[in-house]
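In what follows, a structure is listed as structure tokens, so that the remarks can point back to it.
The values are calculated or read from the model by the stated rules, or taken from the named source; none is laboratory data. This is a predicted model, so every value here is computed, not measured. Note that each Cβ is placed from the backbone with ideal geometry, even for glycine, and that neighbours are counted across all protein chains shown.
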Amino acid sequence: MKRLLPLAVLAASAVVAPLGHAQDYPATKLKVVGGLSNLSLYNEFEKPFWTTTIPKASGGKVTADIKGFNEMGLKGPEIIRLMSQGVIEFGTSTLAYFAADNPINEAIDLAGLAPDVKTARAVTDSFEPMYAKFYAQSGIKVLGMSTYPAQVLFCNADMKGLADVKGKKVRTSSRTQAEFVEALGGSSVTMAFGEVVPALQNKVVDCAITGSLSGYSAKWYEVSTHLYALPVNWNQQIHAVNQKAWDKLNPKVQQLITAQFKTMVDDIWSAAGKQTQEGYDCNTGAAACTQPVKGKMVLVQPSDADRALLKKVLAESVLPKWAARCSAQCVTDFNTTVGKVVGLTAKK
């Protein structure tokens, strides 16, 4: 991220540049594997970035083909490995998908760590240099890190508070979510995002965790009755590129992508809080929802006791278990970055 151009500099250069400036870019065709194609992050930010923003900023010289990883028959966890091998050039995936490969991938998104989007952004920014260094070892350059809306509980069962997770089967998408559910006395069930609707409908699971707006986009409101408005975590995304593929690009193209990428990431983070609320509104049919289809779920607001319980589970179960499986250096890096942001100390 060191070579990122401030947006103001980019804008200023656009003003004073001659009309033929865009022609300075060599004709370049990029191949991108994006995030889940049925969600707003992909449709409202990622796809337009590659198909409109970059071509427009380069005068049509730099173009890209992009498909969501699900459209390519992938499940997500393969993205980093395929990017490392050079099979995928540019790619996006959920960081938590790689928790099994190395616990460092959980550091910024432990359950209960960030109760609001401002904290989630600060935590992510503080640890991003650690990820840049870590992934460089696999021949991958980190371009940026974004987020989905808050990850919350959708339940096809009565839900009055966090303690009601006890005894329920809950679909989780990460190890930290699983440990969170189990610490509350629930049973964690791992399944792909696309399998959740029939699982909720057929009572294979009682609840499932995903982004509030992601769940709306996937029509979880059709198979769920209660939406619990307490952010468990955020499911940050890693946007990266194979280093060899990057090195082959013209320096001006590299500069263009990195400068524009920072703007896109900022836009996604700015939208995350609004989209979290939009998810609450549209899943429950609130008047504030501007979407044509509205759900009829019951919105359950967390109590002070619920928020205290979330912090307790993080401090006494989630954080210690994560620290036990991450390396000593990993824990030290956490304490000097994330730990300072949220006022926590992990112990090995």
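Being in contact with a strand residue (DSSP E or B) (Cβ under 9 Å, 6 or more places away or on another chain), in contact (Cβ under 8 Å) with a residue 24 or more places away in the chain and in a helix (DSSP H, G or I) narrows it down to one residue among D281, D306; which is it?
Numbers: D281 fails: in contact (Cβ under 8 Å) with a residue 24 or more places away in the chain.
Testing whether each residue is in contact with a strand residue (DSSP E or B) (Cβ under 9 Å, 6 or more places away or on another chain), in contact (Cβ under 8 Å) with a residue 24 or more places away in the chain and in a helix (DSSP H, G or I) leaves just D306.
Table: residues versus (1) modelled with pLDDT of 95 or more; (2) farther than 19 Å from D125 by Cβ; (3) among the aliphatic types (A, V, I, L, M).
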{"position": "E316", "(1), (2), (3)": "yes, yes, no"}
{"position": "P320", "(1), (2), (3)": "yes, yes, no"}
{"position": "V331", "(1), (2), (3)": "yes, yes, yes"}
{"position": "T336", "(1), (2), (3)": "yes, no, no"}
{"position": "K348", "(1), (2), (3)": "no, yes, no"}
Which condition number does A288 fail, the rest of (1) more than 22 Å from the chain's Cα centre (by Cα); (2) not in a loop (DSSP other than H, G, I, E, B) being met?
(2)
Return the only residue of D109, D65, D101, D125 being of a type in the set (D, E) and touching a Phe, Trp or Tyr at 6+ places or on another chain (Cβ under 7 Å).
D109
Do you know which residues across the range 211-240 are closer than 14 Å to L162 by Cα and either surrounded by fewer than 17 Cβ atoms within 10 Å (Cβ to Cβ) or of a type in the set (G, A, S) (or both)?
A229
Residues of the range 330-348 satisfying the condition of being touching a residue at least 12 places away in the same chain (Cβ under 8 Å) and not in a loop (DSSP other than H, G, I, E, B):
C330, V331, D333, F334, V338, K340, V341, V342
Please tell me if S188 is assigned to a loop (DSSP other than H, G, I, E, B), more than 23 Å from D267 (Cβ to Cβ) and at pLDDT 95 or above.
no
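For every residue, the table says whether it meets (1) more than 23 Å from L41 (Cβ to Cβ); (2) out of contact with any Gly (no Cβ under 6 Å at 6 or more places or on another chain); (3) part of a loop (DSSP other than H, G, I, E, B).
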{"position": "V196", "(1), (2), (3)": "no, yes, no"}
{"position": "A208", "(1), (2), (3)": "no, yes, no"}
{"position": "L213", "(1), (2), (3)": "no, no, no"}
{"position": "S224", "(1), (2), (3)": "no, yes, yes"}
{"position": "I238", "(1), (2), (3)": "no, yes, no"}
{"position": "W246", "(1), (2), (3)": "no, yes, no"}
For D109, are the conditions met, namely being at pLDDT 95 or above, of a type outside the set (S, T, N, Q), in contact with a strand residue (DSSP E or B) (Cβ under 6 Å, 6 or more places away or on another chain) and within 23 Å of A178 (Cβ to Cβ)?
yes
Members of the range 155-188 found to be within 20 Å of V223 (Cα to Cα) and either in the same structural domain as F98 (by TED's automatic domain parsing) or polar (S, T, N, Q) (or both), listed by number:
N156, T172, S173, S187, S188
Name the residue that is nearest to D158 (Cα to Cα), counting only residues in the range 294-348 that are crowded, with 17+ Cβ neighbours inside 10 Å and polar (S, T, N, Q).
S317
Has the range 201-210 got at least one residue that is closer than 30 Å to L30 by Cβ and either surrounded by fewer than 20 Cβ atoms within 10 Å (Cβ to Cβ) or in contact (Cβ under 8 Å) with a residue 24 or more places away in the chain (or both)?
yes
Has the range 149-171 got any residue that is crowded, with 16+ Cβ neighbours inside 10 Å and without any contact (Cβ under 8 Å) to a residue 24 or more places away in the chain?
yes
Starting from residues that are loosely packed, with under 14 Cβ neighbours inside 10 Å and modelled with pLDDT of 95 or more, keep the ones in the range 275-290 and report whichever is nearest to A111 (Cα to Cα).
A288
Spot the failing condition for D267; the list is (1) closer than 23 Å to L227 by Cα; (2) in the same structural domain as F127 (by TED's automatic domain parsing), and only one is missed.
(1)
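Anything in the range 172-191 that is among the hydroxyl-bearing types (S, T, Y) and surrounded by fewer than 18 Cβ atoms within 10 Å (Cβ to Cβ)? List them, or say none.
Once the filter is applied, which keeps residues that are among the hydroxyl-bearing types (S, T, Y) and surrounded by fewer than 18 Cβ atoms within 10 Å (Cβ to Cβ), the range 172-191 yields S187, T190.
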